[in-house]
Amino acid sequence: MKAKAFCAASLACLVGAAAAQHEHHAAAPAAPKPEPAAMRAWTQQPLLLPGRMERGERASAMLRPQGLTVERVTVYASGGPAERLKVDYAVGAEGAKIESVTPKIGNYHWVVAREERGGEVRVASAAWYFGNPGDSPKDLLKAVRHELEIVPEPLPREHSSYRESEKWRFLVRLNGQPLPGHPLMLETEFGSRSTFVTDPAGVATVLFPRDFKPAAAGERSGHGPRRAAFVLSTTKDADGRRYLTAFNHKYGQDGDRDKSLGWGAAFGLVGMAAALPLLRRRNKGDNGNA
Amino acid sequence: MLKLLCPTLSRFRMTVQIAMLFVTVYGSVFVGNYMADKISNALPALSCAYDQMNGGYCVLVPTQHIIHHRIGEAMVRAQQLTFQMVLPLLMTFVSFFAFFFVLGKMFCGWVCPLGTLQELIGKLGRRLGFGLRRFEKDDLGEVKRVRPVKWLLLLALVFVLPLATGLGVTPHSLGNPYCDICPSRVATTLLTGNTEQLALRLGDNVSFGLGAIANLLIGFMLVGAMAIRQPFCRICPLLAMNAVFQRLSPMRLAKKMHDNCGKCGICSEACPMDITEIAKEEGRKAYHEDCTLCGRCAEYCPQDGTIQIKWGPFALFSSRRDYYKSKVKGELPDGTVKPLKFVRNAARPTADPADA
């Protein structure tokens with residue numbers, strides 16, 4: 001019975017309490033800084049680019065559509081009041097100032113800008129992380145928002161990010177149905193271009209290129225690895241229309257850059273060596289008497 | 001069935017520890033990838049946020065972040081220190097306490113992945129025949145000299161430096177200094193096959209220095225744990241933080257004084273934290289700030305009902321003479337067990353030809 005009581009206490013610990021979160025803004029798609037003009041030409045795909053915001057602002061963000069002309073962007077949340085789960089924001093001169101579902105609920109929100117011109121539908125999509133606790137984006141990513149979609153499977157965890165040399169999975173679907181054997185193009189701010197093809201489940205495994213240029217003097221600020229923009233895009237002709245969808249986000253430089261495994265291992269070995277004298281004295285009386 | 005699989009409290013605890021090691025290091029497989037999916041981000045155990053596969057975060061992570069990013073920065077902006085600003089910290093502590101209330105300091109002795117690793121290494125050390133080193137007068141020095149370190153680390157690395165960084169007094173790389181020196185960060189990420197946290201950042205002396213300390217600690221721990229029981233636990237700031245709240249959880253160590261108390265000393269010999277007070281004191285004083293509620297003292301106390309692990313009024317485990325007798329047959333109080341065969345052979349003295 002006593003052992004059972006222990007089991008019950010352990011299980012209660014695992015399932016009982018709600019998972020609280022803390023703010024983390026290193027994983028946001030971009031640092032709140034304006035994009036230099038020189039960086040705007042790296043792609044012709046439709047984008048949602050971050051604009052300037054006040055430092056410490058956690059419940060709102062400025063997103064500027066680029067490569068498409070839209071009057072509004074739509075923000076989807078995974079939890080919160082029903083009337084706030086899908087909200088349209090007008091696009092002004094600086095872009096659209098979007099907000100988290102409530103001031104206190106953050107985490108990932110899905111942002112879409114959609115333009116219909118003639119027989120073409122152009123969609124820019126992005127995932128924006130608001131630095132407050134919020135629901136897991138699992139359900140947010142499952143929901144169908146528009147015709148042709150690029151869906152991260154999964155998004156980077158809140159303490160993580162897409163990074164150079166890493167492989168990440170993206171689902172390409174049309175009207176909610178996976179598109180097998182479909183090309184997905186990757187472009188990065190540093191000029192890399194590559195194309196990946198979806199598997200039978202409609203999932204493309206994207207390898208992020210190791211293409212970060214050395215940081216210019218004084219370029220880096222804040223903590224965490226340097227980040228740059230990338231965009232994934234795909235097109236599909238269906239129902240007499242041409243669909244072009246893009247998903248843009250940030251990726252970081254490889255965590256091993258600017259780091260030395262050799263130095264790390266060396267200090268580990270020094271620590272081990274420092275502990276060796278502790279092992280010298282053997283308690284002979286205890287050996288073999290158990 | 002449970003009794004068959006786990007005939008002793010130690011065996012049951014080790015089973016729980018191994019299960020918790022998987023939950024805290026690889027738990028995302030079960031609970032999900034995102035932070036919002038985690039069991040909690042305020043666990044009273046060193047479950048590292050740098051481990052991309054973990055099932056929950058250690059409470060020290062959000063504590064440093066909130067003090068750095070919210071409280072410190074808000075004070076810099078000369079805003080009023082309102083309830084709204086400290087609310088995230090409060091929520092973190094509420095989440096922490098929701099867990100802590102149930103198991104108390106058992107999080108140290110039963111759940112913490114770093115504690116489990118140290119214990120496994122210690123068991124290996126015993127099997128390899130390394131003699132146990134203790135914090136006592138005639139060996140490594142009195143344990144009392146080590147005890148204040150954990151409080152200093154908690155104060156300086158979890159509270160003061162993150163706040164000073166938020167205020168702009170110290171460099172940004174001192175924003176989460178405890179995580180930077182935490183050996184659990186290195187150990188648990190290595191367990192997932194990731195060497196990134198072992199590598200040291202170049203070009204930033206502060207980051208390099210903090211990372212070097214973490215690696216020295218993990219290196220020392222990996223070898224030292226074969227001779228010293230739970231070497232890092234003794235200076236762990238999370239043990240200090242758990243000690244602050246230990247009287248608020250119904251889970252506790254309860255000790256009654258027996259005529260033999262202070263004479264046999266088997267309980268303190270069994271204690272992996274070398275707590276001598278358990279043998280000499282009773283009541284609140286016996287449930288020491290360093291106690292991890294591992295229960296070894298209760299297992300090795302030969303007196304019926306003298307030492308108990310209790311949750312509220314319920315005794316979950318009580319010391320028993322018959323249990324003690326069967327327990328010492330397999331393992332001595334200090335953890336000594338029968339060494340491996342090749343160790344025994346190596347230790348056996350060669351026969352003197354003159355004896356032949």
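Of all residues in region B:87-126, those that are surrounded by fewer than 16 Cβ atoms within 10 Å (Cβ to Cβ) and at pLDDT below 90 total 3.
Condition check ((1) under 19 Å from the mean Cα position of the chain (by Cα); (2) open to solvent by 20 Å² or more (accessible area, probe 1.4 Å); (3) modelled with pLDDT of 95 or more; (4) facing another protein chain (nearest Cβ under 7 Å)) across all residues:
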| residue | (1), (2), (3), (4) |
| --- | --- |
| A:THR235 | no, yes, yes, no |
| A:ASP239 | no, yes, no, no |
| A:ALA246 | yes, no, yes, no |
| A:ASP258 | no, yes, no, yes |
| A:PHE267 | no, yes, yes, yes |
| A:ALA273 | no, yes, yes, no |
| A:ARG280 | no, yes, no, no |
| A:ASN283 | no, yes, no, yes |
| A:ASN289 | no, yes, no, no |
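Among the residues of region B:316-331, is there at least one that is more than 9 Å from chain A (Cβ to nearest Cβ), part of a strand (DSSP E or B) and not aliphatic (A, V, I, L, M)? Taking every residue of region B:316-331 in turn, none turns out to be more than 9 Å from chain A (Cβ to nearest Cβ), part of a strand (DSSP E or B) and not aliphatic (A, V, I, L, M). Of all residues in region A:155-167, how many are surrounded by fewer than 18 Cβ atoms within 10 Å (Cβ to Cβ) and in contact with a Pro (Cβ under 9 Å, 6 or more places away or on another chain)? Going through region A:155-167 one residue at a time, the tally reaches 1.
The number of residues in region B:239-261 that are of a type outside the set (D, E, K, R) and part of a loop (DSSP other than H, G, I, E, B) comes to 6.
The single condition among (1) in contact with a helix residue (DSSP H, G or I) (Cβ under 7 Å, 6 or more places away or on another chain); (2) open to solvent by less than 20 Å² (accessible area, probe 1.4 Å) that B:THR306 does not meet is (1).
Scan region A:72-87 and give yes if some residue there is under 22 Å from B:SER40 (Cα atoms), of a type outside the set (Gly, Ala, Ser) and modelled with pLDDT of 90 or more, otherwise no. Explain how you work it out, then say what you get.
At the first step, the residues of region A:72-87 found to be under 22 Å from B:SER40 (Cα atoms) are A:77-80.
If we keep only those that are of a type outside the set (Gly, Ala, Ser) as well, we get none.
For region A:72-87, residues under 22 Å from B:SER40 (Cα atoms), of a type outside the set (Gly, Ala, Ser) and modelled with pLDDT of 90 or more: absent.
Looking only at region A:116-148, count how many residues are aliphatic (A, V, I, L, M) and assigned to a helix (DSSP H, G or I).
Taking region A:116-148 as the starting set, the residues that turn out to be aliphatic (A, V, I, L, M) are A:121, A:123-124, A:126-127, A:140-141, A:143-144, A:148.
Within this subset, residues satisfying the condition of being assigned to a helix (DSSP H, G or I) are A:140-141.
Of the residues in that region, 2 qualify.
The residue pairs whose first member lies in region A:254-280 and is over 22 Å from B:ARG134 (Cβ atoms), whose second member is part of a helix (DSSP H, G or I) and polar (S, T, N, Q), and whose beta carbons are closer than 7 Å, counting only pairs six or more residues apart or on different chains, are A:GLY264/B:ASN215; A:PHE267/B:ASN215; A:GLY268/B:ASN215. Go through the residues of region B:39-56 one by one and say whether even a single one is surrounded by fewer than 22 Cβ atoms within 10 Å (Cβ to Cβ), touching a residue at least 24 places away in the same chain (Cβ under 8 Å) and farther than 23 Å from A:GLY106 by Cβ. There is at least one residue in region B:39-56 that is surrounded by fewer than 22 Cβ atoms within 10 Å (Cβ to Cβ), touching a residue at least 24 places away in the same chain (Cβ under 8 Å) and farther than 23 Å from A:GLY106 by Cβ. All told, B:PRO237 meets the bar of being buried (at least 23 other Cβ atoms within 10 Å of the Cβ), in contact (Cβ under 8 Å) with a residue 12 or more places away in the chain and touching a Lys or Arg at 6+ places or on another chain (Cβ under 6 Å).
Looking only at residues in region A:117-150 that are under 19 Å from A:LEU47 (Cβ atoms) and within 14 Å of chain B (Cβ to nearest Cβ), which one is surrounded by the most Cβ atoms within 10 Å (Cβ to Cβ)? My answer is A:TYR129. Here is the figure for region B:200-231: residues that are buried (at least 21 other Cβ atoms within 10 Å of the Cβ), assigned to a loop (DSSP other than H, G, I, E, B) and within 11 Å of chain A (Cβ to nearest Cβ) total 4. Residues in region B:60-78 that are more than 10 Å from chain A (Cβ to nearest Cβ) and not in a helix (DSSP H, G or I): B:ALA78 only. Here B:THR8 fits the description: modelled with pLDDT of 85 or more and not assigned by TED's automatic domain parsing to the domain that holds B:VAL160. The numbered conditions (1) open to solvent by 50 Å² or more (accessible area, probe 1.4 Å); (2) more than 18 Å from A:VAL112 (Cβ to Cβ); (3) part of a loop (DSSP other than H, G, I, E, B) are all true for A:PRO209 except (1). If only residues of region B:169-196 that are more than 8 Å from chain A (Cβ to nearest Cβ), in a loop (DSSP other than H, G, I, E, B) and not hydroxyl-bearing (Ser, Thr, Tyr) are counted, the one that is farthest from A:ASP254 (Cα to Cα) is B:VAL169.
Applying the selection to region B:7-38, what residues are open to solvent by 20 Å² or more (accessible area, probe 1.4 Å), in a loop (DSSP other than H, G, I, E, B) and at the interface with chain A (Cβ under 8 Å from one of its Cβ atoms)? Passing the criteria: only B:ASN33.
The values are calculated or read from the model by the stated rules, or taken from the named source; none is laboratory data. Not measured: the values here are computed from a predicted model. For neighbour counting, all protein chains shown are included, and Cβ atoms are generated from backbone atoms with ideal geometry for every residue, glycine included. Each accessible area value is taken on the protein alone, full model and side chains, heavy atoms only, with ligands, DNA and RNA left out. Shrake-Rupley method; radii C 1.70, N 1.55, O 1.52, S 1.80 Å.
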